[in-house]
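Below: the structure, in structure tokens.
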Amino acid sequence: MIEIKNSIKLAIQSMKANKGRTLLTVLGMVIGVTSIVVVFSAGAGIKGLILKQIESFGTDIIETEIRVPVGRKVGAEANTQSAMSMAQGVQITTLTLKDVEDIKKLANIEDGYGSLMGQELATYGNKRKKASLWGVGASFINIDKSEIDQGRFFTDAEDESLAKVVVLGSGIKENLFGDSDAVGNYINLGKSKYRVIGTIKEKGAVMGMDFDNYIYLPIQTLQKRILGIDYLMYIIHKLKNPEIADQTAKEMKIILRENHDIKNPEDIVGIDDFAVVTMEEMLKTANDITKYITILLLAIVMVSLVVAGVGIMNIMYVVVSERTFEIGLRKATGAKYKDIMWQFLMEAVIISILGAILGIILGLLMSLAITWGANAYGLSWSFKMPIYSFIVSIIFALSCGLLFGVFPAKKAAELDPITALRNKN
């Protein structure tokens, strides 16, 4: 213990005597540790943001979306191949309003609606905007978290009659009408006039969907009057009891397979032209995505730590060269191999610990700055700092210090005292 204390004392004296060199060495470790802390904090923040956005849809929601059949494949392979096919423009036209109504008959389904997206040029007076159209059923306003600002939402009767009515998101209302009232006025979608019957309160973007810049139409109006189709992109249903969502999902799959004439064993999902997704599955997927992103970023950050470690090693080699005479003198006066080893290792360890502490502090400050910036940008980003980020930072800093400090220390300890004494400048 006394030897270690003496080694620490000598190491600190050496570091004080070479402040510039010590500062540069510590800086490399600070950068590496700061990166680790920021990555873990950002990963936790992103995870919280995604989970909040998913939960904002409600925990009692179950979604049915189209997917490209990929044959007798299961799991991730089926999902990946289906996504690639969708990206290449493959269209699935089997999901229909009949599916919506048939699923509504299940005991655990409270309500539901079909949905479809489109685009059209919207004009009002001299205002023109390429607008995103969102066709939904009348039940949308009862299931979704959106709130009516002025006017009302459309009805089932208006949907059935292909009524030319629209409800505007707050952003598109502002673009076309400014501060004027929109309700009761008419806008043009393409060449046809549509009456504005309501506007929706500002909601912002959720999961990449900017709710404020959509024009909401009755689903059948969008299908038949604008797009000329009879299929859907996805379906949303509200559950009476979310605790039995998995059982309800199985019942939904049976109905959809029967409606789509799919003869499919339940475990071979690759044959289905649809996917039924519960909120629990969405949350699990989001969890997995953020975990993998964090791991990837952490792997990149490790490069910074290795660079910092190499910097420590290089500096320590320089130290050995500069202090050859001192090392020889100590060995000539009785210092043993382990004494020299301990002295130089302690320098590396102290530099690593100091770098870790400063890196953690700087990482915390940067993470707070990211949180403030994200909130200022309108994101619901919470400051989170997992305790394991500190543990990982300290472990890696010490590991780098020991790993990259041992070789220079060994070189110093193995110097021949007579040869070392001859190297005095």
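The values are calculated or read from the model by the stated rules, or taken from the named source; none is laboratory data. Quick caveat, the model's predicted, so the values are computed rather than measured. For neighbour counting, all protein chains shown are included, and Cβ atoms are generated from backbone atoms with ideal geometry for every residue, glycine included.
Structure values in brief
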item	result
Selection count, region 361-384, where residues are hydrophobic (A, V, I, L, M, F, W, C), buried (at least 18 other Cβ atoms within 10 Å of the Cβ) and either at pLDDT below 80 or within 19 Å of V303 (Cβ to Cβ) (or both)	2
Enumeration of residues in region 244-290 that are assigned to a loop (DSSP other than H, G, I, E, B), among the charged types (D, E, K, R) and at pLDDT 85 or above	D261
Residue match in region 320-340 (condition: in the same structural domain as V26 (by TED's automatic domain parsing), modelled with pLDDT of 75 or more and either over 30 Å from T93 (Cβ atoms) or in contact with a Ser or Thr (Cβ under 8 Å, 6 or more places away or on another chain) (or both))	no
Scope region 97-114; condition within 22 Å of F211 (Cβ to Cβ) and buried (at least 21 other Cβ atoms within 10 Å of the Cβ); matching residues	V100, G112, Y113, G114
Search result, residues across region 225-243 that are at pLDDT 90 or above and either assigned to a helix (DSSP H, G or I) or of a type in the set (A, V, I, L, M, F, W, C) (or both)	R225, I226, L227, I229, L232, M233, I235, I236, L239
Among (1) surrounded by 13 or more Cβ atoms within 10 Å (Cβ to Cβ); (2) modelled with pLDDT of 70 or more, the one test that G405 misses	(2)
Candidate set from region 195-251 (those that are of a type in the set (D, E) and under 31 Å from the mean Cα position of the chain (by Cα)); member that is surrounded by the most Cβ atoms within 10 Å (Cβ to Cβ)	D212
